[in-house]
Structure formats: C-alpha cells, structure tokens
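Okay, so here's the structure we're looking at.
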Amino acid sequence: MKKYLILCFILVFALTSANAQYKDSNHHHYIGDTCKVGPRFAPQAGDFTAAMVFGRGAYLNGGEGLVVPDSFDPVSGAAPYANDVEANSNDITNMVGAETRYYVTNRFALTLSGGAILRNTPAKLSIPGIPNTDVPAYDAVVADERIDASISVGGQWLFNTKNDRLFPYIGFSLPFDYARRSLYDPTITVDNVGNVVITDLGARHVDITAFGIQAVAGVDYYIAKDVFFGFDIKPVSYTYAYSVKVPGPGLYNLEADTNTLSFFAQFSFKVGFKF
C-alpha cells in the first residue's frame, strides 16, 4: 500500500511540474544580467520555500531507553538512544517532517524544520462484575501518553553555479528533540482472602531530551521556476541526549545521558516549492 501511495504522489508531482514548466515557457518575465529572457530560478530576498523532507527521522523513539519502568520489575539502566544516526536502514521513502526557509538576502536563508506526534489515552477505572449474573466485569483502561517532537533552526548560505537551476548551499542547524512515554494503570484487585492489590499509585514515565549542533551541506535543483528537488547531508553532527525514568510518585529517578558524534551519517531528500 505504501508503494502505491508513493507512486501516486510522484505522478501528481510530475503533472504539477509539467504544468509549471509549461507556464514558464509561455510567461517569460525576467531579464538576467546576460540579457537572456526566461524565468529566474534563484531565490531572492523575501522568498519562502516549503519542502517535504524524506529520510531517517530525528524522533527519539528507538532503543530500550524509551521504555516506561514496570511497576514490579527493576528500572532499566538503558541510556537514551539518539536514533536519528544509524549505520544502516536509512529509507529515503520515509517522510519525516517539513522544512521552511526564509531568504533574508539573495544568499542567506533562515531555516525551520521538524514535526510532532502527540497521543493521549485517558485512564478509566475497572468495574467489577456481579457473580452468577449476566453483568460482566470491565477492565480498567490504562492511561497512555506519548509525545514525539523534533524541531531544528538554522541558517544556510546559497551559491550560484553555471547551471541556473542548480544551487548548492552550506549551513548549520541547532536541533532539539523530545520524547515522552507515560503509563498509569488504575487497576485495583482483591483476592479471595481480601488482600487489595493496587497496580499503580500514579503515573510511571520516561522522558528523553536531546539537543546539539550540525553542519549542513546540500543542493537544490529547480525543475521549474518554483518547484525543486533537494538533497542534504550532515558532514558533522553532535547530539547530547538526556533521559529521566520515573517508576512512580515519590520514588528515586534514574537518569542517564549519551553523547553522539557522527560524520556524513545523516542525509535527507526534499521536494519543495518556492513562494
């Protein structure tokens, strides 16, 4: 199913690009320094670009570091895992967020990229049944909260080439990532001798916060006046990730951290539009 959706997207994009190319060929409006009449592809001061970003996501949802502590088991000492850096299994068909750029000058742009996923299931108490009747018991609904957020701000310097559609750039980005998993099981049981078992006194959760700095190098190729493909890579990237695991209210928190330094290990592919 995923492959069909990707094929449909490529088809729609191709049709849009073809239409834009047709308009460009029939509405020449820019006269360059060489007196050539034709569309201007280079971004100008005041322009915005918006792009869909594909590749490996920066969400901190991998590894044992993001597992909520169990009520009765030892708290895991697994450290946070910055899984936006991975030696294998990088998938260019995976959409990971969006990026926007604002060109302060003809050569420099401010960038903002990222995405977020928020999920929340409220808790509900269990309801006992009535023995020897048709009234069933109802299990409790476990409260489940999940947050995955990634945001990055930065800047990029654009360069011209002999090809008026091709624009390489270098820059930097300051990523901030956050992940949270929280569980609360309100189940209360009573055994045959009257012993009461309370599963959770309060929410158990784990939080991971990560931030860092990255060098960015990439290139945009305009297939039409306002439509481009892009590719970038992080030549150097440093990420500091910090986790806190809370097994219950009033209990000792387990903290751990991880430093990740990578070289040419992160890439992304972009499909974007200029406004």
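The values are calculated or read from the model by the stated rules, or taken from the named source; none is laboratory data. Quantities reported herein were computed from a predicted structural model and do not represent experimental measurements. Cβ placement follows ideal geometry from the backbone for every residue including glycine, while neighbour counts extend to all protein chains displayed.
With respect to the stated conditions, THR49 fails to be within 30 Å of ALA140 (Cβ to Cβ), modelled with pLDDT of 90 or more and not hydrophobic (A, V, I, L, M, F, W, C). Could you please let me know if ILE92 is assigned to a loop (DSSP other than H, G, I, E, B), exposed (fewer than 15 other Cβ atoms within 10 Å of the Cβ) and in contact with a Gly (Cβ under 7 Å, 6 or more places away or on another chain)? Judged against the criteria, ILE92 is a match. Residues of the stretch 110-144 that are in contact with a Gly (Cβ under 7 Å, 6 or more places away or on another chain) and under 30 Å from PHE48 (Cα atoms): LEU110, THR111, SER113, GLY114, GLY115.
Taking the conditions (1) farther than 30 Å from GLN266 by Cα; (2) free of Cβ contacts under 8 Å to residues at least 12 places away in the same chain; (3) not charged (D, E, K, R) in turn, THR161 satisfies each one other than (1).
You will find that of ASN106, ASN132, the residue that is surrounded by fewer than 16 Cβ atoms within 10 Å (Cβ to Cβ), touching a residue at least 40 places away in the same chain (Cβ under 8 Å), out of contact with any strand residue (DSSP E or B) (no Cβ under 7 Å at 6 or more places or on another chain) and part of a loop (DSSP other than H, G, I, E, B) is ASN106 and no other.
Being surrounded by 20 or more Cβ atoms within 10 Å (Cβ to Cβ), touching a strand residue (DSSP E or B) at 6+ places or on another chain (Cβ under 7 Å) and of a type outside the set (Lys, Arg) holds for only one residue in TYR222, TYR178, and it is TYR222.
Within the stretch 246-262, the only residue that satisfies the criterion of being surrounded by 13 or more Cβ atoms within 10 Å (Cβ to Cβ), among the aliphatic types (A, V, I, L, M) and in contact with a Phe, Trp or Tyr (Cβ under 8 Å, 6 or more places away or on another chain) is ALA256.
Total residues in the stretch 185-220 satisfying the condition of being farther than 23 Å from GLY57 by Cα and not in a loop (DSSP other than H, G, I, E, B): the figure is 7. Does the stretch 66-81 contain any residue that is under 19 Å from the mean Cα position of the chain (by Cα) and either modelled with pLDDT under 75 or under 19 Å from ILE233 (Cα atoms) (or both)? No; the residues of the stretch 66-81 include none that is under 19 Å from the mean Cα position of the chain (by Cα) and either modelled with pLDDT under 75 or under 19 Å from ILE233 (Cα atoms) (or both).
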